[in-house]
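Written out below as structure tokens is the structure these notes cover.
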Amino acid sequence: MDVVTVGDVMIDVRVDSDGLEEGGDVHGRVLVRPGGSAANAAVWAVEAGATSRVHGRIGSDVAGALLRDELIARGVEPALAIDRKAETGTMLVVHEPRERSMVADRGAGGRLSPDDLPERLDAGAVLVSGYSLLFEPTSAAGVAALE
């Protein structure tokens, strides 16, 4: 394996609008895509010609199944722990003119643990998401991946 990534595997929901109206409705564009820093890096590695695997944690929900299928379709080997107690993480990104707001729900990804990883990550390069290292509940998994 050329590249192994460890960390967030999430659904990204992007909203583009000319402006939101507090307490009101507006028209805009809403896109749902696979995302998360580890998943994105694994896909970019494949796009650059490398083989890649992503280690992360998803829920046992439709979003998790969609993410797994989309990673496979993009040439990434998913090594994803299934969490039966938490839903797959979601990132909401709202774009307005000259503004961007984000809301992160790390969901199952916020419960990534060393037990979700193999004893050894064997690859030419290993990328561990900074989010995994800096978020206390997942920092042990991030450190285990680096070791």
Where GluC sites (Glu not before Pro) fall in DSSP loop in segment 1-106, at most 15 other Cβ within 10 Å: GLU21, GLU22
Would you mind pulling out the separation of the Cα centroids of segment 40-67 and segment 76-147, in Å? 11
So what's the back-of-envelope 222 nm ellipticity for the chain, counting only DSSP H runs of four-plus at -39500 (n - 2.57) apiece and dividing by all residues, rounded to 500? -7500 deg cm²/dmol
Which is the longest part of the chain that has none of the trypsin sites (Lys or Arg not before Pro) sitting in a DSSP loop with at most 16 other Cβ atoms within 10 Å? 1-73
Considering only DSSP beta bridges where both residues belong to segment 48-101, give the percentage that are antiparallel (nearest 5). 25
Run the dipole for segment 68-147 about the Cα centre, Lys and Arg Cβ at +1, Asp and Glu Cβ at -1, nothing else charged, and hand back the magnitude in debye, nearest 20. 180
Once Lys and Arg are counted +1 and Asp and Glu -1 for all other residues with Cβ under 12 Å from that of PRO78, the total becomes +1
How big is the charge dipole of the chain about its Cα centre, in debye rounded to the nearest 20, if each Lys and Arg gets +1 on its Cβ and each Asp and Glu gets -1 on its Cβ? 260
Electrostatic dipole magnitude of segment 24-108 [Cβ: Lys, Arg +1; Asp, Glu -1; Cα centre; debye, to 20]: 180
Can you give the accessible area per residue of the chain, in Å², using a 1.4 Å probe? 58
What is the percent carbon and sulfur in the accessible area of the chain, measuring with a 1.4 Å probe over the protein chains and ignoring ligands? 50
Calculate how many DSSP beta bridges within segment 24-138 are antiparallel, expressed in % of all such bridges and rounded to the nearest 5. 45
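The values are calculated or read from the model by the stated rules, or taken from the named source; none is laboratory data. Bear in mind the structure is a predicted one, so any value in this text is a computation, not a measurement. Cβ coordinates were reconstructed from backbone atoms using ideal geometry, including for glycine residues, and neighbour counts include every protein chain displayed. Calculation scope for accessible area: heavy atoms of the full protein, side chains included, ligands and nucleic acids excluded. Shrake-Rupley method; radii C 1.70, N 1.55, O 1.52, S 1.80 Å.
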